[in-house]
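Engineer: Quick one: this structure, given as structure tokens, is what I'll be asking you about.
Bear in mind these aren't lab numbers, they're just calculated from the coordinates by the rules spelled out. Remember, predicted model here, so these are calculated numbers, not experimental data. Here the Cβ positions follow ideal geometry from the backbone for every residue, glycine too, while neighbour counts run over all protein chains shown.
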Ligand code: LLP
């Protein structure tokens, strides 16, 4: 459930009519519902109730300061993957001891920044990284708390580009080598092993792959403990999927997921971390866009809108489906017709949907791409010199611009022409 519903014939975000926001901000823009963000966070928090746990929001999904602060104040930690994300999280007031640092390619500079600033743990992904981290920590007089990300070789049954837990994926260390890698970590002076990390992929719509992975983690916990390692924390990753299509598919809920965690690893007495991103932000955000032209093709009609692949790349990149709804509620019994919904970017790949049934549309009509809160704004670019679109957040009957649209001057003035040109 989210807070984007028709009321009095107009799509509302919580208690604000979206036409009103469009008139104030101009299109296209991202729009987030603060209540939906908080509600989704709380679902996870409740699902792990009674277990020692921390929900580390995977901020790569949507990293606006306002979103981070909102979730941080509700008690969220953060999963970060770069110096930029770490600094953003700290700027939003998240304490270092609630931040976990993931990623296969952490640099020395990033390690230094994070060790000096304070960190809950590093999720280490390889032996070379482990050696470098130990060196950096020793040079700073620190000991870095680590988990090691294991690759359990489990098929997450999701899109190939976002599957991360199979042996051919670049992530983690093969579970078969876990004992020798933990032994190495224990021998390095700058590291303190505290647990195990696993993340098998994103947009998982079944629990079974999680079950398989977490069973392996539980088994490994016992083995490593027998080897003398202190395994007191399990980072179980993110990836719980969301419904993108109105097709009555019901992916597992955080409650189901929490029950699975309890079943598979609850007996180990470990502190549990999870790293959901999409589930928290995805259906808490939409991209609002205006129809520029309705164009007659030879065998189809094109709805040319002012949002494009540079603003929301998921359809072009993953063939992802986003529901498209008019901001003005269609009249009961309105006739629907198929449209190819496209943006203005000069590539045929700039297509959001083909043959999508919509009521008759006209230039100037507003539409919303639903489920765009995660991996939307954060993956946007300025391709075709299109400015990054603003982000807006609603809270009850209030709304605020949480990132302004840059001016064309701002964009152009970032370039530097050397004197010899
Ligand atoms: N933890 C780690 C280590 C991750 O790599 C990811 C996502 C997450 C947590 C959060 O996963 P989530 O709960 O959001 O599924 N751009 C793609 C998704 C890429 C996901 C990358 N890693 C998309 O638009 O579908």
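Engineer: Determine the shape class of the range 83-130: with a ≥ b ≥ c the square roots of the Cα gyration tensor eigenvalues, call it rounded for a/c under 1.5, and otherwise prolate if a/b is greater than b/c, oblate otherwise.
Structural biologist: prolate
Engineer: Counting other beta carbons within 10 Å of each Cβ, put 2, 397, 97 in order, fewest first.
Structural biologist: 397, 97, 2
Engineer: Bin all alpha-carbon pair distances of the chain at 10 Å intervals from 0 and give each bin's fraction as a whole percent.
Structural biologist: Here the calculated profile for the chain is 4, 21, 29, 23, 15, 6, 1, 0.
Engineer: Could you calculate the contour length gain from residue 108 to residue 329, that is, 0.36 nm times the residue separation minus the distance between their Cα atoms, to one decimal place in nm?
Structural biologist: Here the answer is 74.2 nm.
Engineer: Can you compute log10 of I(q)/I(0) for the range 125-176 with the Debye formula, treating each Cα as one identical point scatterer, at q = 0.15, 0.26 Å⁻¹?
Structural biologist: -0.52, -0.93
Engineer: Separation between the residue 295 and residue 317 pseudo-spin-labels, each 7 Å from Cα along Cα→Cβ, expressed in nm?
Structural biologist: Using points 7 Å along Cα→Cβ, the separation is 2.5 nm.
Engineer: Test of understanding: ordering 208, 180 by Cβ neighbours within 10 Å, fewest first, what list do you get?
Structural biologist: Fewest-to-most Cβ neighbours within 10 Å comes out as 180, 208.
Engineer: Same structure again: Going 7 Å from the Cα of residue 74 toward and past its Cβ, which residues in the range 249-276 have a backbone nitrogen under 19 Å from where you end up?
Structural biologist: Those under the cut-off are 252-259, 273-276.
Engineer: Oh, and also: Under 17 Å from a point placed 7 Å out from the Cα of residue 262 along the Cα-to-Cβ direction: which residues of the range 204-230 have their backbone N that close?
Structural biologist: Residues 211 fall inside that zone.
Engineer: I want to check the label-to-label distance for residue 219 and residue 51. Put each point 7 Å from Cα in the C-beta direction and report it in nm to one decimal.
Structural biologist: Using points 7 Å along Cα→Cβ, the separation is 1.9 nm.
Engineer: Separate question: Relative contact order of the chain, please, whole-number percent, based on alpha carbon pairs below 8 angstrom and at least 6 residues apart.
Structural biologist: Reported relative contact order: 20 percent.
Engineer: Mind running the shape call on the range 35-280? Use the C-alpha gyration tensor, a ≥ b ≥ c as the square roots of the eigenvalues: rounded below 1.5 for a/c, prolate if a/b tops b/c, oblate otherwise.
Structural biologist: oblate
Engineer: Let me ask you something else. Where does the chain land at 222 nm, in deg cm²/dmol rounded to the nearest 500, when only DSSP H runs of n ≥ 4 count, each adding -39500 (n - 2.57), divided by all residues?
Structural biologist: -8500 deg cm²/dmol
Engineer: How big is the range 203-280 on each of its three principal axes, counting only the C-alpha atoms and giving the largest first in Å?
Structural biologist: 50, 19, 16
Engineer: Another question, if that's okay. What nm distance separates the two modelled labels at residue 180 and residue 139, each placed 7 Å from Cα along Cα→Cβ?
Structural biologist: So the two model labels end up 2.8 nm from each other.
Engineer: With both bridge residues required to lie in the chain, what share of the DSSP beta bridges run antiparallel, to the nearest 5%?
Structural biologist: The antiparallel fraction comes to roughly 50 percent.
Engineer: How much length is gained if the chain between residue 232 and residue 409 is pulled fully straight, taking 0.36 nm per residue apart and subtracting their Cα-Cα distance, in nm to one decimal?
Structural biologist: 58.5 nm
Engineer: Hey, how many Å between the Cα centroid of the range 333-377 and the Cα centroid of the range 91-109?
Structural biologist: So the two Cα centres are separated by 37 Å.
Engineer: Give the shape of the range 331-421 as rounded, prolate or oblate, defined through the alpha-carbon gyration tensor: a ≥ b ≥ c are the square roots of its eigenvalues, a/c under 1.5 means rounded, and otherwise the shape is prolate if a/b is larger than b/c and oblate if not.
Structural biologist: oblate
Engineer: Cut-off is 10 Å between beta-carbons; in what order do 40, 3, 362 appear when sorted fewest neighbours first?
Structural biologist: Least crowded to most crowded, the residues run 362, 3, 40.
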